[in-house]
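The values are calculated or read from the model by the stated rules, or taken from the named source; none is laboratory data. Note that this is a predicted model, so its numbers are computed, not measured. Cβ: placed from backbone, ideal geometry, glycine included. Neighbour counts: every protein chain shown.
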Amino acid sequence: MCKFSIEGFRFNAVSAEVKKIGLKRLDFGLIASEQPSIVAGVTTQNLVHAAPVTLTRTVLQTGNCQAALINSGNANAYTGALGLQDAETLVATVASGLSIPQNMVIPMSTGVIGARLPVERMRSRIPELVNGLSQDKFGDVARAIMTTDTVPKTVEKQAVLSNGPIRIVGMCKGAGMIAPNMATMLAILLTDIRVEHGFLTETFKKCCDVTFNRVTVDGDTSTNDTAILMSGGATNCRMLSHLSNDREIFYHLLREACQDLAEQIVKDGEGATKLVEINVSGASDDRTASVMARKIAESPLVKTAFHGEDPNWGRIICAAGYSGVMFDPSIIDLSIGDVKVVVNGQLDQGNWEERAHAVMSSDRFVVSLDLKNGTGNATILTTDFSEEYVTINADYRS
């Protein structure tokens, strides 16, 4: 069980039976800081976004936040004006309990789309949620935000700046409906230094783009995707600005934390048995490399081949061809692990198939495609598609 704690932040989680009465599990969590934290965040680009996303965007514009209220079991998405009212009611109740302004609370929800929250049931649990806040209940919140996740996803990173140590801790949830176009499904990261808002926002978005935005499980971008970073929850904590000599250390530490969480999401993909890196190099630029890598990573035919440990190179080349990226098929190289399958547009004449199958029998491997058309490159993390993925999603609402 995760025992993380971080100066300036407290945690708690309770069972509010959010999904249905009788389902006794942690599903309602709260994170609160001693003082208003400087906050940065990113949210889904899905046109159909959930009510909590609407409220979160408003808080992010202020640059300050003192609490995050999170529930699983119900996304409060596509619930109209009443759904927004429900989210506001819960936010107002938490704000009152913490004696802070309502616009200092970020709501986050995950679960079934299209159903209203059981507001009164949840509201009745808020006093317990607030009164039980503690530094040592980080792990409880990490479990409370899980839906089809099989394990909590947490991270802790440390480094030393010129004026002392820095810690970043974080949690996320996500196993299905994973194709972020912003950040991740739900993620909360916390740091014990206070970071200048503009620099915090710029750095967090940059980190999200090269970590959370480079994973895919099933190609679906959620209605609720939200990732936030709260900095400096304790009074009298140290400051970090964009002028600091430590800014690169902070960036790399935050990127490591985001990358760790992103990989945990893919490893726990619904029904997943493989973690696969799709690496496209030699593209005209990084953007086009990313477009092609993602298209390959999201192909159901490619992903089922991964599950069957079948080195069906034709499916990979086919997906590259319909990605919309221009390239010359007659000069490309394709490898599975260290096994060369296609060289200069021609199928290798050696015993590649047996060796490639052996590579794919492991639970993690790399597929590399070199277009030989420039210096652009990108890596997308993906999973295989198994029978269990279908089972999980066929029964998700029941």
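Here are some notes:
- Count of segment 358-373 residues which are out of contact with any Asp or Glu (no Cβ under 6 Å at 6 or more places or on another chain) and either on the phi < 0 side of the Ramachandran plot or exposed (fewer than 12 other Cβ atoms within 10 Å of the Cβ) (or both): 11
- Scanning segment 42-76 for residues that are of a type in the set (A, V, I, L, M) and either more than 18 Å from the chain's Cα centre (by Cα) or within 16 Å of I188 (Cβ to Cβ) (or both) yields V42, L47, V48, A51, V53, L55, V59, L60, A67, A68, L69, I70.
- Counted residues, segment 352-381 - those being out of contact with any strand residue (DSSP E or B) (no Cβ under 7 Å at 6 or more places or on another chain) and not charged (D, E, K, R): 5
- Candidates A95, A75 - the one that is in contact with a Gly (Cβ under 6 Å, 6 or more places away or on another chain) and hydrophobic (A, V, I, L, M, F, W, C): A75
- Within segment 54-83, the only residue that satisfies the criterion of being β-branched (V, I, T) and modelled with pLDDT under 95 is T79.
- Residues considered: E156, E202. Of these, the only one that is surrounded by fewer than 19 Cβ atoms within 10 Å (Cβ to Cβ), modelled with pLDDT of 95 or more, part of a helix (DSSP H, G or I) and not small (G, A, S) is E202.
- Just one of the listed residues (I336, I380) is more than 24 Å from the chain's Cα centre (by Cα) and either outside the structural domain of V210 (by TED's automatic domain parsing) or under 23 Å from T288 (Cα atoms) (or both), and it is I336.
- Residue within segment 57-79 that is surrounded by fewer than 23 Cβ atoms within 10 Å (Cβ to Cβ) and in contact with a Phe, Trp or Tyr (Cβ under 7 Å, 6 or more places away or on another chain) present: no
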